[in-house]
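Structure record follows, encoded as structure tokens.
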Amino acid sequence: MSSSNTSFNELDDIYQDIILDHYRHPRNKAKMPDPDLVSRGFNPFCGDEVILMIKLSTENQINTISFTGQGCSISQASASILTELIKGKHIKETMEISNMFRNLVKGLSIGDEELDKLGELEALKGVSKFPVRIKCALLPWSTLEDAISTNKAS
Ligand code: ZN
């Protein structure tokens with residue numbers, strides 16, 4: 001298998017387990033026929049690619065979401081967790097979560113209540129110690145923001 005995770009030895013084991021589980025068994029990884037929103041993100045520093053596909057409900061909630069792509073464990077685990085976390089949420093709320101996560105991986109302190117909303121994303125907070133990896137963790141979220149910002153019609 002891959003040996004690309006050796007640089008993450010400083011991360012807590014429990015966090016590493018969550019990341020590797022999502023990397024090896026990604027959730028909602030599939031092409032979606034006829035999505036309402038599509039966006040592709042690419043991180044040239046690491047070669048990570050994430051494509052998000054979203055179907056919205058009439059109330060602008062994330063009805064269905066899936067992703068495809070390839071790259072390091074951080075980027076792909078972040079994408080997998082993203083799809084689980086924001087499914088069913090209003091697009092406004094997904095932007096709030098995106099902002100909170102951005103603060104988390106930048107090493108800013110965030111409250112317990114916010115941490116609660118981030119769920120398994122907390123497992124990625126260790127990347128704040130590895131600046132080059134912050135882009136990997138944020139790639140799916142930047143891609144989501146792009147997808148939503150192209151949906152101004154609503
Ligand atoms: Zn990466």
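The values are calculated or read from the model by the stated rules, or taken from the named source; none is laboratory data. Computed from a predicted structure; not experimentally measured. Ideal geometry is used to build each Cβ from the backbone, glycine not excepted, and the neighbour counts take in all protein chains shown.
Of the residues T83, T64, which is surrounded by fewer than 17 Cβ atoms within 10 Å (Cβ to Cβ), in contact (Cβ under 8 Å) with a residue 24 or more places away in the chain and out of contact with any Cys (no Cβ under 6 Å at 6 or more places or on another chain)?
Working: T83 fails: surrounded by fewer than 17 Cβ atoms within 10 Å (Cβ to Cβ).
Just a single option satisfies the conditions, and that option is T64.
Is it fair to say L144 is at pLDDT 95 or above, more than 16 Å from the ligand (Cβ to nearest atom) and over 12 Å from the mean Cα position of the chain (by Cα)? Lay out the reasoning, then the answer.
Values: at pLDDT 95 or above: yes; more than 16 Å from the ligand (Cβ to nearest atom): yes; over 12 Å from the mean Cα position of the chain (by Cα): no.
So L144 does not fit the description; no.
Filter the helices (runs of 4 or more DSSP H) completely within the stretch 50-126 down to those with at least 1 residues that are closer than 14 Å to S142 by Cα. Show your work before the answer.
Working: elements: 73-86, 91-105, 112-118.
In the stretch 50-126, 73-86, 91-105 are the helices (runs of 4 or more DSSP H) which contain 1 or more residues that are closer than 14 Å to S142 by Cα.
Here are the criteria: (1) away from the ligand (no atom under 16 Å from the Cβ); (2) modelled with pLDDT under 95; (3) crowded, with 17+ Cβ neighbours inside 10 Å. Tell me which single one G126 does not satisfy.
Going through the list (1) away from the ligand (no atom under 16 Å from the Cβ); (2) modelled with pLDDT under 95; (3) crowded, with 17+ Cβ neighbours inside 10 Å, G126 breaks only (1).
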